[in-house]
1. Quick check, is GLU114 under 27 Å from GLY57 (Cβ atoms) and acidic (Asp, Glu)?
2. How many residues, within region 59-85, are over 30 Å from ALA126 (Cα atoms), touching a Lys or Arg at 6+ places or on another chain (Cβ under 8 Å) and surrounded by fewer than 13 Cβ atoms within 10 Å (Cβ to Cβ)?
3. How many residues does region 43-87 hold that are more than 15 Å from the chain's Cα centre (by Cα) and not hydrophobic (A, V, I, L, M, F, W, C)?
4. Any idea which residue in region 89-99 is nearest to PHE69 (Cα to Cα), counting only those that are of a type outside the set (Phe, Trp, Tyr) and part of a helix (DSSP H, G or I)?
5. For region 42-97, which residues satisfy the criterion of being over 30 Å from ARG142 (Cβ atoms) and basic (Lys, Arg)?
6. Cβ-Cβ under 7 Å, sequence separation 6+ or interchain: first residue in region 141-157 and within 12 Å of ARG42 (Cβ to Cβ), partner at pLDDT 90 or above and among the hydroxyl-bearing types (Ser, Thr, Tyr). Which pairs?
7. Give me the pairs, please: first residue somewhere in region 114-137 and closer than 27 Å to GLU68 by Cβ and touching a residue at least 40 places away in the same chain (Cβ under 8 Å), second residue anywhere and of a type in the set (Asp, Glu) and surrounded by 12 or more Cβ atoms within 10 Å (Cβ to Cβ), beta-carbon distance under 7 Å, and either six or more positions apart or on two chains.
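The values are calculated or read from the model by the stated rules, or taken from the named source; none is laboratory data. It should be emphasised that the depicted structure is a prediction, and the values quoted were computed from it without experimental measurement. Please note: Cβ atoms are built from the backbone with ideal geometry, for glycine as well, and neighbour counts cover all protein chains shown.
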Amino acid sequence: MSARVRAAIPILLSLIAAALLFVGIDRVLERRELTERVTTLRGELFQARAAAERCRGSLVNSESSLREFDEVIASLRAQVDSFEALDPRGVPEDRYEAYMESFESYNDSVAAWESRAGRLRTAEAACRATVERHNALSDTLRAVLDSAGVTPREGAP
C-alpha cells in the first residue's frame, strides 16, 4: 500500500465517523423535536377538549333555561288571550287594567326572550369555533404522527 493510501485511510475513517455522528445527532434532534411537538399538540388538544366540553355543558344549561322561559311566555300569552276572549267586542273595561299589566309583562318577556336567544346563538357560534379548533388540533396531531410513522394507541388522537 502506498503512503498516500495509508495516510488517506485515517482521514477517510474520520470523515465517515463524523458523518455517522452527524446523522446520529440529527436523528436524535429530529426525535426530540417530534416528541416536543407531539407533547405540545397533546396539551393543546387536552385544553381544547376541556373547553369544548365546558362549552357544550353551558349550551345545554342555556337551552334548558330558554325552554323554561318559553313556558313562562306561553303562560303570559294564555293570560292575555283569556282576557281577549272575555268579550268579542274587546276586553271589558273593569278588566282592562289587569289586561294591560299582563299584556306589558308578555311584551317585556318576549323582548327578554329575544335577547336571551341572541346570546344563545352567539354562544353556539363560539362553541362551534371551539369544537372546530379541537378538531383541527386533532387532525394536526394525527398528521404529525403519520408523517413520523407513529401509530397512535387505540382511542388516542
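1. Here the answer is yes, as GLU114 does meet what is asked.
2. 0
3. 16
4. Among those residues, the one meeting the criterion is ALA98.
5. Of everything in region 42-97, those that are over 30 Å from ARG142 (Cβ atoms) and basic (Lys, Arg) turn out to be ARG67, ARG77, ARG89, ARG95.
6. PRO157/SER138
7. From region 114-137, the pairs are LEU120/GLU63.
Residue by residue, here is whether (1) more than 30 Å from HIS134 (Cβ to Cβ); (2) in a helix (DSSP H, G or I) holds:
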{"site": "THR39", "(1), (2)": "no, yes"}
{"site": "GLY43", "(1), (2)": "no, yes"}
{"site": "ALA52", "(1), (2)": "no, yes"}
{"site": "LEU66", "(1), (2)": "no, yes"}
{"site": "VAL80", "(1), (2)": "yes, yes"}
{"site": "PHE83", "(1), (2)": "yes, yes"}
{"site": "ASP87", "(1), (2)": "yes, no"}
{"site": "GLU101", "(1), (2)": "yes, yes"}
{"site": "ALA111", "(1), (2)": "yes, yes"}
